[in-house]
Amino acid sequence: MQTYTDLKPTFTDPEDWTLGHVLRTYAASQPDSEFLVTPEEDRRFTYAEMLSSAERIASSWYRAGAQQGDRVIIMAQNSSQLVRSWFGTAVGALVEVPINTNYEGEFLRHQVVTVEPRWAVIDDTYAERFVAIAEHARGIEKFWVVDSGAGNRDLALELLRANGWDAEAWEALEAGEVQELPQARPQDLGAIFFTSGTTGPSKGVAMPNSQLYFFAQEVVCFTRLTREDTYLTTTPLFHGNAQFMAVYPALVAGARAVVRSKFSASRWIDHVRDDDVTVTNFVGVMMDFAWKQPPRENDLDNRLRCVYAAPTASSIVEDFKKRYGIEAFVDAFGLTETCAPIVAPYGVPRPAGAAGLAASEWFDIRLVDPETDREVEVGEVGELVVRPVQPWTCSMGYYNMPEKTLEAWRNLWFHTGDALKKDEDGWFYFVDRYKDALRRRGENISSYEIEQAVLGHPAVVECAVIGVPADVEGGEDEVLATVVGTGDVGPEEILAWCDGRIPAFAIPRYLRFVGALPKTPSEKVRKAVLREEGITPDTYDRTAVSDADRTAVPAV
């Protein structure tokens, strides 16, 4: 049975697995090499400049009264200031807490109360949000405010000060001298990344420095990242996908990172070309959005070598590679809590839909019955459970949530809640989140696989599939697909598209067209809302349409 064997750490001693050590190594060995590019700011930073900035920022925090292990909230749009603040926490043995820039009110209050921060770096446009939850944020002793370009910085500083906080412009962080700083250890807490909170309050994943390094190292290996590469990320830096799966891997490889403010499907290939990008990543439907852009004569005019797409849209991947001249698409399956225990080898043909092979040298992996925790047979669907082989390469639990930590780490295994299956050759396939799985008339159905099939239609922008109660005894579930389309597609066309692409028993009975899907602030679909809404008056029911009259009939 095959396994993933290409994971060989760049820094071989696990005692060196901290961002501060990696940054100092390259600042010494290649100080003038360019590390960070932020095109919208027209800024470029070498390795030596990044270290100098990080040390000055960390020193300013300690002069303000910081102590090792203090939590520092960072709530900002993608910018060099965000990256430099993040590096400052790492170099200064503090704990970074990136906050989703969509959060306000209860979402923001929950995260502030959970992590108990003493310091905060925010864009000027978010000051009012902290004032709105002021009684819950009094533990924050000082704010440093980034000028977002909206002309609000001075007003934001005045507002924060008027509400009892100390506040300075972000530039003050870089203004002072460097002082002696504590050294972070691999096992020390390095960051707290919050989950999306699709089923309840978001949980703060406590990630040690060693885990943050190892996640980045995995990406270096499966993308074959080298010092000659340029890695582009367009996803928000408050997500791990941009931080420890894009910018940090570039650091580990001694490469160059390009950080854009946001993803643009229409300008994606231009951004790749403009900065000589060789590696980039897609999340969710980004790959599909880029593919559906009109082809251009110069699509092949780029240096892009590798795309990390999670998930990889297998139905278009080969055509995508030919259109843009891409050597390899890679994928991995993992979680913020566990790194990526399942990885797709570079350049190796994958069975359709396969996520990858087990990185068994670094992780113990099983697929188990979620009720009994007993391992299932090869080919059967089971819950993925994981535990690390190397210390400090999985999370330390959910910060200030001991009950949730114990719930997830049952029987000394981390329970992912994800349903997967494995074939006889060792390839793993994601089936569904267990809470999203459907069962219709004795058949197990993956909502994910239906969604991917429907998303393949050129007029479909987004799709979410849920199970709704059947109207026949023993029917278990019926399939409802909620679709965001371009306006020129109807239910019959979608059903015709599904025919032959998914099994007949899995073709949706119900189709509902909406302008937008309900989402969390981190852009995860809130399927609980769709289940609560259920069958609405505007839902199309294919069983209610006769052969003689193919006009849509609303289900009631």
Amide H within-cut-off set for Phe282, under 5 Å, with H built and near neighbours excluded: Tyr308, Ala309, Ala310
For Lys203, distant residues with modelled amide H under 5 Å away: Thr195, Gly197
For the range 221-278: rounded, prolate or oblate by the Cα gyration tensor [a/c cutoff 1.5]: oblate
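Provide Ile122, Ile57 in ascending order of the number of other Cβ atoms located within 10 Å of each residue's Cβ, fewest first.
Working: Ile122 25, Ile57 29.
Sorted ascending by nearby Cβ count, the order is Ile122, Ile57.
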Additional length obtainable on full extension of the chain from Thr536 to Val378, 0.36 nm per residue less Cα span: 52.9 nm
Residue-span extension gain [Met1 to Asn163] - 0.36 nm each, minus C-alpha spacing: 52.1 nm
Contact order normalised by residue count of the chain, Cα under 8 Å, 6+ apart, percent: 11 percent
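Output the peptides 202-209, 450-457 sorted from most to least packed, where packing is the average of other Cβ atoms within 10 Å over each peptide's residues. Could the numbers behind the result be given before it?
Values: 202-209: 24.0, 450-457: 21.9.
In descending order of packing, they fall as 202-209, 450-457.
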Residue-wise HN-Hα coupling along the range 139-153, computed from phi with Karplus coefficients 6.51, -1.76, 1.60 (Hz; x: Gly, Pro): x, 6, 8, 7, 10, 10, 10, 7, 6, 7, x, 8, x, 10, 4
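For the residues Leu94, Leu304, Leu82, what sequence is obtained by ranking on other C-beta atoms within 10 Å, fewest first?
Neighbour counts put them in this order, fewest first: Leu304, Leu82, Leu94.
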Spacing of the two label points (7 Å from each Cα toward its C-beta) at Lys435 and Lys519, in nm: 1.9 nm
The chain: angle of helix 19-29 to the longest principal axis, Cα-based, in degrees nearest 10: 60 degrees
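Okay, helix-only estimate at 222 nm for the chain: each DSSP H run of n ≥ 4 adds -39500 (n - 2.57), divide by all residues, round to 500 deg cm²/dmol; what do you get? Numbers along the way, then the final one.
Working: 15 runs with 140 residues, N = 556.
Calculated from helices alone, the mean residue ellipticity at 222 nm is -7000 deg cm²/dmol.
Please report the relative contact order for the range 438-544, taking Cα pairs under 8 Å with a sequence separation of at least 6, and give it as a percent rounded to a whole number.
Relative contact order for the range 438-544 comes out at 25 percent.
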Ranked list, fewest to most other Cβ atoms within 10 Å of each Cβ, for Phe87, Phe45: Phe45, Phe87
Note, ³J(HN,Hα) from phi for the range 386-399, Karplus 6.51, -1.76, 1.60, rounded to Hz, x at Gly and Pro: 9, 8, x, 8, 8, x, 6, 10, 10, 5, 8, x, 9, 4
Nearest-ten-degree value, helix 209-223 long axis tilted from longest Cα axis of the chain: 60 degrees
5 angstrom amide H check on Asp147, placed H, neighbours 5+ away: Trp170
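Using the per-residue mean of other Cβ atoms lying within 10 Å as a proxy for protection, in what order, highest first, do the peptides 235-247, 367-379 fall?
Numbers: 235-247: 23.3, 367-379: 12.8.
For the peptides 235-247, 367-379, the packing ranking is 235-247, 367-379.
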Inter-part distance where the range 1-77 and the range 398-470 are each reduced to a Cα centre, Å: 34 Å
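Would you please classify the overall shape of the chain from the alpha carbon gyration tensor, given that a ≥ b ≥ c denote the square roots of the eigenvalues, rounded means a/c under 1.5, and beyond that prolate means a/b larger than b/c while oblate covers the rest?
On the way: a/c = 1.61, a/b = 1.49, b/c = 1.08.
Note, shape of the chain comes out prolate.
Computed from the coordinates by the stated procedures, all read-outs in this text should not be read as laboratory data. Everything numeric in this text was worked out from a predicted model, so none of it was measured. Note that we place each Cβ from the backbone using ideal geometry, even for glycine, and neighbour counts take in every protein chain shown.
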